[in-house]
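Quick notes on the structure that follows.
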Amino acid sequence: MTDLTGHFRDMALAHFVAYKALLFNETPVACIVKDKNTNKVVSIGYNYTNTSLNGTKHAEFIALERFTGKPDFNFKDLILYVTVEPCIMCASYLRQLGIGKVYYGCGNDRFGGTGTVLSVHNDPNLLDDPYESIGGIMRTEAIQLLRNFYIQENESAPNPKIKKNKDIDTKEFPPNVFRFSKEEFIENYGNERLPLYTGDGIKEITPLINKGYKVIDLIDIHSVKELPYLEDELGNVNQNQLNDMFDLLFDINDDGTINYNKPIKKYNSKKRHHPSDDSSTETPGSSSNNDVDDP
């Protein structure tokens, strides 16, 4: 049986970075970057467009700008785990850099650049080398973090709109659709999970076959504190923050269905402490992905 636990842990780390971005009132989309030769996390990225007022400050740009300009740096050695499918701009950026591989959580139905709207990553008409982009790992968690962002009211808007649909604790998820080939699915997720690819989309990928998972079991305070740049740029990390993120997310049952019976909380920006209260420093800037539609 194909064990995907490592991939889930990496994606869970990206989700925590996204949660930290949410504390800055940024769209919770984030990524981590691993060196496939060492299997170590070498960079993180998070959306930072709201704070920076720079529309290019998406998670992928922040994560990979750290390596541009380095002579003879090989981007083919990098694997990107990002919570939401790269938008068309970021997909093009990744291809121009020559990224090795991308794993993402949920699709980007409005601006997705790696299969949902356009397939920039493997378009044969482009001159740059294509790359593989595989989605579906922890996609419900990615959607739920986005929902928690979109129910917040923008009090700085000239005419603030009252959010009508805040019932995200009972709102069901759209079907799970895989926008890459069956061969790629088998190669990455195992032949034993093939029924998910051809099924009705109501079941999620899990780390182990016939065994569900809780995000709280995937990462801990030590693993998030080891992430490079995180505390320097987004403030101190503590167990309360981890617990707060866990409380926002559903668990997945052994049969791959979502456990809607789990009581979950909603993020309330009015009740939080600003990240600067945790001794955060000035961030370089990668923020809310304005190219993500309200799920």
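The values are calculated or read from the model by the stated rules, or taken from the named source; none is laboratory data. Just so it is clear, the model here is predicted, and its values are computed rather than measured. Note that each Cβ is placed from the backbone with ideal geometry, even for glycine, and that neighbours are counted across all protein chains shown. For the accessible areas, the whole protein counts, side chains as well, though only heavy atoms, and no ligand, DNA or RNA atoms are used. Shrake-Rupley method; radii C 1.70, N 1.55, O 1.52, S 1.80 Å.
Taking the stretch 25-57 as the region of interest, how many residues are surrounded by 24 or more Cβ atoms within 10 Å (Cβ to Cβ) and either over 23 Å from residue 250 (Cβ atoms) or of a type in the set (D, E, K, R) (or both)? Can you show your working first?
Taking the stretch 25-57 and keeping what is surrounded by 24 or more Cβ atoms within 10 Å (Cβ to Cβ), we get 26-33, 44-48, 57.
In the following step, the residues that additionally are either over 23 Å from residue 250 (Cβ atoms) or of a type in the set (D, E, K, R) (or both) were identified as 26, 33, 44-45, 48, 57.
Total meeting the criteria: 6.
Restricting attention to the stretch 110-143, and to residues there that are assigned to a helix (DSSP H, G or I) and more than 15 Å from residue 82 (Cα to Cα), which single residue is least open to solvent (accessible area, probe 1.4 Å)? So that I can check it myself, show each step before the final result.
Of the stretch 110-143, the ones assigned to a helix (DSSP H, G or I) are 120-122, 139-143.
Filter once more, so that each one left must be more than 15 Å from residue 82 (Cα to Cα): 120, 122.
Values: 120: 19, 122: 73 Å².
The qualifying residue least open to solvent (accessible area, probe 1.4 Å) is 120.
Going through the stretch 82-109 one residue at a time, which ones are buried (at least 22 other Cβ atoms within 10 Å of the Cβ) and not hydrophobic (A, V, I, L, M, F, W, C)?
Of the residues in the stretch 82-109, the ones buried (at least 22 other Cβ atoms within 10 Å of the Cβ) are 82-87, 90-91, 94-95, 99, 102-108.
Listed by number, the residues that qualify are 83, 85, 86, 95, 103, 104, 105, 107, 108.
Quick check, is residue 5 out of contact with any helix residue (DSSP H, G or I) (no Cβ under 9 Å at 6 or more places or on another chain), of a type in the set (S, T, N, Q) and modelled with pLDDT under 95?
On the way: out of contact with any helix residue (DSSP H, G or I) (no Cβ under 9 Å at 6 or more places or on another chain): yes; of a type in the set (S, T, N, Q): yes; modelled with pLDDT under 95: no.
For residue 5, the condition - out of contact with any helix residue (DSSP H, G or I) (no Cβ under 9 Å at 6 or more places or on another chain), of a type in the set (S, T, N, Q) and modelled with pLDDT under 95 - is not met.
Show the residue pairs that are 6+ apart or on different chains and have beta-carbon atoms under 6 Å apart, the first residue being within the stretch 14-29 and among the small types (Gly, Ala, Ser), the second being assigned to a helix (DSSP H, G or I) and modelled with pLDDT of 95 or more.
Filtered contacts from the stretch 14-29: 18/145.
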